[in-house]
Amino acid sequence: MRQSLQACYILHSRPYRNTSKLLDIFSREQGRRVLVARGARREKSRLQGSLQPFTPLLLSWQGGGEVQTLTGAESGAQLARQPGRQTLLTAFYLNELLLRLLAKNDAHPALYDAYAQTLKNLSESPSQEEAHLRLFECFLLQELGYGLVLDHEVETDQVLQADQHYCYQPDHGPLKMDKADCESGLPVQGATLLALQRGDLSVDKNDDAQARRILREAKQLMRMSLARHLGNRPLKSRELYRQQKQLLKP
């Protein structure tokens, strides 16, 4: 099997033998793959410095089996500014989600495009980091076949109301509720679900309290939904983020 100049991102790399690297890549047309970059760690390798995460690349490879051999690497057609220090851990979190949840050799071109756009958004508007992340998580679940019900109440099929409180039941959806009646799910306001459904979690300066609540509830909902598919092994990027927050405390 031979692939030529495929649009890719590198999700993770690690040393392999004395001079090579193993690369976990996300290809737009081929899905998640593992490649060996032979000699990439040699000082005079033409691949030195080019195999970086968060950078659009055009990769070529060949071979069969679980691991193929990288034969070429070029910069992608659209060079993007990498996420800055403020959002770098968030970008690593995106990569870890894809590594943990994507099956190998399963193409998701729409998810690839959403990932590329999210990296661009993180670079250009880091103040909206939480919103960008929540929308990507929501789209990821949808692409994997675990999409959330965000537009109607599941028992009555009634359209959600922004000012109504719901109990979001895992693997089921939103149920109308009183504020104190949600023991087996997550209390969430209709405005949060509708904002996710629209794909718009931008902060409304006219109502900061509402915006903060929507972002908080969206985070809780995504955390609950992803946990069902991630299993018990903790995410390394989350732990690094917690450690960073501790170091920055006064």
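The values are calculated or read from the model by the stated rules, or taken from the named source; none is laboratory data. Remember, it's a predicted structure, so these values are computed and weren't measured experimentally. Glycine also receives a Cβ, built like all others from the backbone with ideal geometry; neighbour counts cover every protein chain displayed.
What residue, among those in the range 91-119 that are of a type in the set (S, T, N, Q) and either more than 9 Å from the chain's Cα centre (by Cα) or part of a loop (DSSP other than H, G, I, E, B) (or both), is surrounded by the fewest Cβ atoms within 10 Å (Cβ to Cβ)? Among residues in the range 91-119 that are of a type in the set (S, T, N, Q) and either more than 9 Å from the chain's Cα centre (by Cα) or part of a loop (DSSP other than H, G, I, E, B) (or both), the one surrounded by the fewest Cβ atoms within 10 Å (Cβ to Cβ) is Asn105. When the criteria are applied in full, Gln52 meets the requirement of being out of contact with any Phe, Trp or Tyr (no Cβ under 9 Å at 6 or more places or on another chain), closer than 27 Å to Lys236 by Cα, surrounded by fewer than 17 Cβ atoms within 10 Å (Cβ to Cβ) and of a type in the set (S, T, N, Q).
The number of residues in the range 1-46 that are part of a loop (DSSP other than H, G, I, E, B) and either of a type in the set (D, E, K, R) or closer than 26 Å to Leu97 by Cβ (or both) comes to 11. Checked across the range 202-224, the condition of being part of a loop (DSSP other than H, G, I, E, B), in the same structural domain as Leu97 (by TED's automatic domain parsing) and under 27 Å from His108 (Cα atoms) holds for at least one residue.
Val188 fulfils the conditions (1) crowded, with 16+ Cβ neighbours inside 10 Å; (2) touching a residue at least 24 places away in the same chain (Cβ under 8 Å); (3) in a loop (DSSP other than H, G, I, E, B) except for a single criterion, (3). The condition (being in contact (Cβ under 8 Å) with a residue 40 or more places away in the chain and part of a loop (DSSP other than H, G, I, E, B)) is satisfied by just one residue among Gln52, Gln86, Gln68, Gln128: Gln52. Screening Met224 with (1) more than 29 Å from Ser127 (Cα to Cα); (2) within 26 Å of the chain's Cα centre (by Cα) gives one miss only, at (1). Could you tell me whether the range 26-33 includes any residue that is more than 25 Å from Leu94 (Cα to Cα) and either assigned by TED's automatic domain parsing to the domain that holds Tyr115 or out of contact with any Pro (no Cβ under 9 Å at 6 or more places or on another chain) (or both)? No, the range 26-33 contains no residue that is more than 25 Å from Leu94 (Cα to Cα) and either assigned by TED's automatic domain parsing to the domain that holds Tyr115 or out of contact with any Pro (no Cβ under 9 Å at 6 or more places or on another chain) (or both). Close contacts from the range 144-168, counting a first residue that is assigned by TED's automatic domain parsing to the domain that holds Ile214 and assigned to a loop (DSSP other than H, G, I, E, B) and a second that is of a type in the set (Phe, Trp, Tyr) and surrounded by fewer than 15 Cβ atoms within 10 Å (Cβ to Cβ), with Cβ to Cβ under 6 Å and a gap of 6+ residues or different chains, come to none at all. Within the range 141-155, can one find any residue that is closer than 25 Å to Asp113 by Cβ and loosely packed, with under 14 Cβ neighbours inside 10 Å? Yes, the range 141-155 contains a residue that is closer than 25 Å to Asp113 by Cβ and loosely packed, with under 14 Cβ neighbours inside 10 Å.
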